[in-house]
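Take a look at the structure set out below.
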Amino acid sequence: MSTERLVEEFKSLVRLDSESFAEGAFQKDLVQRFKGLGLDMWEDDTVAQTGLGANNFIARLDGNASIEPLFFSSHIDTVSPGQGIQPIEKNGRVESDKTTILAADDKAGIAIMLELIKRLKEQNIQHGPLEFILTPGEEVGLLGAKAVDIDQLQAQYGYVLDNGGPVGGIITASPTMQRLNISVTGKAAHAGLEPEKGISAIEVASKAIVRMKLGRIDDETTANIGQVHGGTAMNIVMDHMEMIAEVRSLNHQKCLAQVESMRQALEEEVERSGAQLDFQATQLITGYQFDPAHPLLAHAKRSLEPLGRKARFERSGGGTDANVFNEKGKAVVNVSIGYENIHTVEEYIPVDEFEHAVEFALQLVKGMPAFHAELSE
């Protein structure tokens, strides 16, 4: 019956629209759901800070024993097409009607939180203080998490419920990522009559690009030029062009070194040609890496054993709210909760994996005394 309740709550969540920057109505609904379970609430002013559709909020469940606090996190926004979602349960899984995403990313995480609270109460399980962080704007740059006042959290340790694949996956490493906004300014001239009087911005940039290492740099680092814009007409030497690029690495220093090598190639070619360069590097996410022996990972491994699952320690090429919380001083990993094919109309979640995810969360809470003992050693 509790599995059926989990699935029905999930369906009700995904039927409520909450695409990024339009999360407001969904957030209000969630606040009432958590309040209805007897949790205390804290809400910030993220809307005013970021222009998102909703604020961050933290729901707190008081502990009924002197046990280390723990937090869970999920995001409330979805990608598009995420309006008018119609969930369908068939063949042992929940999917959309193929005209929209399902929004298991990350409303499955929210449903797990709500079901976890219900089972803790119904089974009278001993636990310490629990905090549930709900963030907007994750899909558009982790904006909600970046605005969270981390001092509002009692717990030092947490798990983000926002990774795909069968239960047991644990993201132990995630990259630092920088966005590069690059503009090269040359000199216009008639391309047919006097091209030698011009300085071609695209030619200057292309010479620099040929010198860059791009794509897969090594097993930790990637670099990509994703957008190129410029020019006014085919018979005018291109006097200005802009590029948007990114660099990611599981090694923070490698990320910085790759950015610097790309900058250097551009600076040298610009100087040779007499063009001008504007190079802006912005760090979007800060990476993290956990040693496999870290207490947070040992706790997750122990919590999977009653489910008959082994932990799969994985490295990710992308970022989640876990990156932000680690940067802000918490110890957090992102864990798999069962969904598949996210950000597509083929997204689905197997009901059995959904149930395992709740059981895993329950074991994480139940095992906190052992976790606390390990921290004290």
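For the residue pairs Lys11/Lys98; Lys11/Lys118; Lys118/Lys328, the alpha carbons lie more than 23 Å apart in Lys118/Lys328. Placing a pseudo-label 7 Å from each Cα along the Cα-to-Cβ vector at Glu314 and Gln253 gives an inter-label distance of 2.9 nm.
Rounded to the nearest 500, what is the 222 nm mean residue ellipticity of the chain from helices alone, with -39500 (n - 2.57) per DSSP H run of 4+ residues and division by all residues? Computed ellipticity for the chain at 222 nm equals -10500 deg cm²/dmol.
Springs join every pair of Cα atoms under 10 Å in this Gaussian network model of the chain, and among Pro87, Pro292, Pro350 the largest mean-square fluctuation is at Pro292. Centroid-to-centroid, using Cα positions, region 258-304 and region 5-62 are 32 Å apart.
Counting pairs of alpha carbon atoms under 8 Å apart in space and at least six apart in sequence, what relative contact order in percent does region 84-157 give?
That works out to 16 percent.
Spin-label model, Thr232 to Ser66: label points 7 Å out along the Cα-to-beta-carbon direction sit 7.6 nm apart. If I compute solvent accessible area with a 1.4 Å probe over the protein chains, what percent of it on region 191-345 is carbon and sulfur? On region 191-345, the fraction of accessible area on carbon and sulfur atoms equals 49 percent.
When Phe21, Phe290, Phe354 are compared by accessible area at a 1.4 angstrom probe, the order from most to least is Phe21, Phe290, Phe354. Helices of the chain meeting both criteria, an alpha-carbon length of 20 angstrom or more along the long axis and an average Kyte-Doolittle score not below -0.5, with helices taken as full DSSP H segments, are 104-122, 351-366. Per residue, the chain exposes an accessible area of 42 Å² to a 1.4 Å probe, with every protein chain left in place.
Just the number, please: Stokes-Einstein D of region 225-377 in µm²/s, Kirkwood Rh from C-alpha pairs, 10 °C, 1.306 mPa s.
Translational diffusion coefficient: 80 µm²/s.
Expressed as a whole percent, the accessible area of region 142-185 that falls on carbon and sulfur atoms is 41 (1.4 Å probe).
Here's the list of lysines a cross-link from Lys301 could span, going by alpha-carbon distance under 19 Å and ignoring same-chain residues fewer than 8 apart: Lys310, Lys366. Within the listed set Gly192, Gly36, Gly158, the Gaussian network model of the chain (springs between alpha-carbon atoms below 10 Å) gives the highest mean-square fluctuation for Gly192. Of all beta bridges that DSSP places with both ends in the chain, some 70 percent have antiparallel geometry.
The figure for Leu143 is an accessible area of roughly 50 square angstrom, using a 1.4 Å probe on the protein chains alone. Taking a point 7 Å from the Cα of Glu196 along the Cα-to-Cβ direction, none of the residues of region 213-236 has its backbone N closer than 11 Å to it.
Solvent-accessible area of region 1-136 (1.4 angstrom probe, protein heavy atoms only): carbon and sulfur portion equals 46 percent. Working from label points 7 Å from Cα in the Cα-to-Cβ sense, the Glu346 to Ser261 distance is 3.4 nm. On full extension, the segment bounded by Val210 and Arg5 gains 68.1 nm, given 0.36 nm per residue less the C-alpha separation. Among 204-210, 305-311, 161-167, the peptide with the highest mean count of other Cβ atoms within 10 Å heads the list, and the full ranking is 161-167, 204-210, 305-311. For Cα extents along the principal axes in Å, the value calculated from this model appears in (1) 84, 56, 33; (2) 65, 63, 38; (3) 84, 50, 40 under label (3).
The values are calculated or read from the model by the stated rules, or taken from the named source; none is laboratory data. Note that the coordinates shown come from a computational prediction; the quantities given were computed from them, not determined experimentally. Don't worry about glycine lacking a Cβ; one is built from the backbone with ideal geometry, like all the others, and counts go over all protein chains shown. Only protein heavy atoms, including side chains, enter the accessible area calculation; ligands, DNA and RNA are left aside. Shrake-Rupley method; radii C 1.70, N 1.55, O 1.52, S 1.80 Å.
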